[in-house]
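Every number here is computed from the coordinates shown, using simple stated rules; none is lab data. This one's a predicted model, so the numbers in the text were calculated from it and none came from an experiment. Please note: Cβ atoms are built from the backbone with ideal geometry, for glycine as well, and neighbour counts cover all protein chains shown.
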Amino acid sequence: MGIIKNLWTNRLRKRVLNEGVAVALGSGGLKGFFHIGVLEALDEVGVPVRMIAGTSAGAIAASAYAAGIPVGDMKDFAAHINMGSIFSLGNPVLPKSGLLKADSVIEFLRKSIKPNRFSEMKIPLYILATDIMTGERVILHDGDVPLAVRASVSVPAVFEPVIIDNRILVDGGITENLPIPTLRKYWKGLIFASSLTAPLAPPMDIQIKRNRKPLIHFIKSIPIFQGVPWLDDKEFESVETHWAAILLRAWDIISYENYSVKIKKFPPDILVTVDPECNPGLNNLNEDDILKIIARGKEKTFNCLKEIGVI
């Protein structure tokens, strides 16, 4: 068994380092910083990335990497993201097809991702979206990259959908949250997947808060009023969170169910998965947490490559 394992390991190592891999970057909201660490590790080890595909959060990292933006620059930029900067990219609109128009997202992506055309990317790039009319997966590989990314990150009811080629497109995570099937269509070699769909853990930004009515509590603290029966000073419970945190949590639950089925049907050759705790939540989004998530992505990729004998 040891000889067979060594032969398999040596063969896999040669394939990874010589033939290279296609990389699939999954959807997962704020956990997307994990992808930056994964890409950083692949670069440092010298694994050739021949093709890349991304869904939603993964589409942002995939497009930046395919455009040739250094991973160090991606990390520096990510470290300064916070809740305010995220929502500043959306232009509030009257609720029609979405709460945010997100014209600023396109503008931001055009400035950040250069070149802008699929045909100008350093390596082949595939972006996943969903046709809201037909329910079909849509693979975007031609035309304008920022517009494709904007479609892939269009969380329904939050961002307005995008029209491309007469199709109304929303978040790609609905139909393919880890784009392994897409890469299998275009690439016959090894696929390295970075999944943001970890087993569900309690979110840090949704809590039950126990409160008392301040005025009633003050009055009841005065001895003369302590026996008054109609002054109810009981605790009451409320949900302490942000509306977007509820939406993202619901999205995580749906994604996990979707992922659990598809990963069995379309397994990658090499897989790294984000830790459940690598999810800071909107309220706790800060530089330290972002850099920890990136570092964890890098560490898990190094460990994975060591386990299969690549390094």
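Using the Karplus curve 6.51 cos²θ - 1.76 cosθ + 1.60 with θ = phi - 60°, work out ³J(HN,Hα) for each residue of the stretch 138-144 in order, rounded to whole Hz, and write x for Gly and Pro.
After applying 6.51 cos²θ - 1.76 cosθ + 1.60, I find 10, 9, 9, 9, 10, x, 8 Hz.
Using the Karplus equation 6.51 cos²θ - 1.76 cosθ + 1.60 (θ = phi - 60°), what ³J(HN,Hα) coupling, rounded to whole Hz, does each residue of the stretch 32-48 give in order, writing x for Gly and Pro?
x, 4, 4, 4, 4, x, 4, 5, 4, 5, 4, 5, 5, 6, x, 7, x
Hey, can you grab everything whose amide H is under 5 Å from the amide H of Ile164? Only 5+ residues off in sequence or another chain; H modelled, so Pro and N-termini drop out.
Counting only residues 5 or more places away or on other chains, the set is Leu169.
For the stretch 296-306, in order, what is each residue's ³J(HN,Hα) by Karplus, 6.51 cos²θ - 1.76 cosθ + 1.60 with θ = phi - 60°, in whole Hz (x at glycine and Pro)?
5, x, 5, 4, 5, 5, 4, 4, 5, 5, 5
Remind me, relative contact order of the stretch 17-87 in percent, using alpha carbon pairs under 8 angstrom and six or more residues apart? Intermediate results must be reported in sequence, preceding the final value.
Details: 77 pairs, mean separation 26.5, N = 71.
Relative contact order of the stretch 17-87: 37 percent.
I need the trypsin sites (Lys or Arg not before Pro) found in the stretch 127-202, filtered to DSSP loop residues with at most 16 other beta carbons within 10 Å of theirs. Walk me through the intermediate numbers first.
Working: sites: Arg137, Arg150, Arg167, Arg184, Lys185, Lys188; in loops: Lys188.
Of the trypsin sites (Lys or Arg not before Pro), the ones in loops of the stretch 127-202 whose Cβ has at most 16 other Cβ atoms within 10 Å are Lys188.
Based on Cβ point charges of +1 for Lys and Arg and -1 for Asp and Glu, what charge dipole magnitude is obtained for the stretch 256-311 about its Cα centre, in debye rounded to the nearest 20? Intermediate values should be presented prior to the final figure.
Working: 8 positive and 9 negative charges, 66 e Å.
I would put it at about 320 debye.
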